[in-house]
1. What distance in nm separates the simple spin-label points at residue 305 and residue 217, each placed 7 Å from Cα in the Cβ direction?
2. To the nearest 0.05, what FRET efficiency results for residue 118 and residue 240 with a Förster distance of 51 Å applied to their C-beta separation?
3. What's the extension gain from residue 19 to residue 111 if we count 0.36 nm per residue and subtract their Cα-Cα distance?
4. Would you mind checking the stretch 352-388 for residues with the amide N under 13 Å from a putative spin-label position 7 Å along Cα→C-beta of residue 316?
5. Report the charge-dipole magnitude of the chain in Debye, nearest 20, computed about the Cα centre from +1 at each Lys and Arg Cβ and -1 at each Asp and Glu Cβ.
6. Based only on other Cβ atoms within 10 Å, what is the fewest-to-most ordering of 169, 325, 292?
7. Would you mind counting up the charge near residue 288? Only other residues with Cβ under 11 Å from its Cβ, with Lys and Arg at +1 and Asp and Glu at -1.
8. Gap in Å between the Cα centre of the stretch 232-273 and the Cα centre of the stretch 108-173?
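Any read-out appearing in this document is the output of simple, stated calculations on the displayed coordinates, not a laboratory observation. In this text, all values refer to a predicted model and were calculated from it rather than measured experimentally. Backbone-built Cβ (ideal geometry, glycine too); neighbour counts: all protein chains shown.
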Amino acid sequence: MTDQIAFGAGLCEAESLPAPAARAAEAAADALGPGPVTLAVVFASPGHCESADELLGPVHERLEPEHLVGCMTETVLGGSREAEHEPAVAVWAARLPGAEVLPFRLVARPVDEGLGIIGWPDALDGSEGWTVLLFADPFTFPADGLLGRLNQTVPAAPVVGGMASGGRRPGEHRLFAGRESLSEGAVAVALRGVPISLGVSQGCAPIGPEMVITAADGSAVEELAGVPAVQKLEDVIAGFTDEERRLAEGGLLAGLVIDENQPEYEHGSFLIRAIHGGDRETGALLVGEQVRVGQTMRLHARDAASADDDLRTVLRATREGLGGRAPGGALIFSCNGRGSHMFPVPDHDAAAVAQELAEAPAAGMFCNGEIGPVGGRNFLHGFTATMAVFPATLDTSEGSE
């Protein structure tokens, strides 16, 4: 029946348009079945973004979507395949009966001594039930600034998506909105009325003990558990097990608890940030996030095995987050530092998504920064995989397979 929720996705790897766009849209349409298309999401490699008409035209012609968003990416994901640095187009389509859909565009403009963001809908501020899919240009849009502002709103709409990739300088990236191709700002669509389960896989394993930050200034951790932070870090490393030393060979990261009001900290409690160095004179560690006194920090390490385990754990959690419904479709936003840079096998993240989500139609991109919520707050991440998983049905009678 055409009034039921449904999803489709297609990936075509080919050199010249319009064939790959048309074939990807046709594959998505075949999987979706007859009926109206609420939303189409398009991901395309850089060489396919030069002509909006040839890229987006075939998608509109075949699917006639009510709304379309997407962006350029250096690697296109579709199904269980990652077209890493290869010319490709992926089209993901959804029929979302009864859902509210609010598309919008954002731009950053100088305001006083900083940048102001223009275009955020007032309807989203303080309103419950919205989820935002957002695609942004890393050169012209301060995504972290927007997310920081949203985190001050109660309730804050959860945001998932990524920064376009594949360009080397301002003006080279492309964002898609309707039939248009844009070279700055951000494009987004807010959805309400359909349950969406979000996940963030930060790909790390915790090592060493939890430590309370007892002195801090901005992004400088001055003391951990009452000891100068550099000294405390050295003491912790000296006590590593052989396995922890092996993990630490790839570099150490800071895990910062977002919500301290928990009886114990579990998977997903920590925001992972880089450690940028230490000052032996002051004893301070510099991390890639503003920290506060009383916040708990734990060291983390990243390798292929821990990243694989973490991704599968998060995928299973997002499936459980559908409340007994089977997964119907998924959008995946993976860091451009993953893929062959991290894993010894090709198509790692896409294949894991296909396996854990029962081959639900999926598409996505490699990003210059991934967006997703941790601990109830929105963040811009690195080396992560974030995801939005949609249910196959709007009731729970079907159950998980």
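1. Roughly 4.1 nm, to one decimal.
2. Details: r = 49 Å, r/R0 = 0.96.
About 0.55, to the nearest 0.05.
3. 28.7 nm
4. Zone members listed by number: 356-357.
5. 340
6. Final ranking by Cβ density, sparse to dense: 169, 292, 325.
7. Working: positive: 273; negative: 144, 289.
Neighbour charge sum, excluding residue 288 itself: -1.
8. The stretch 108-173 and the stretch 232-273 have Cα centres separated by 29 Å.
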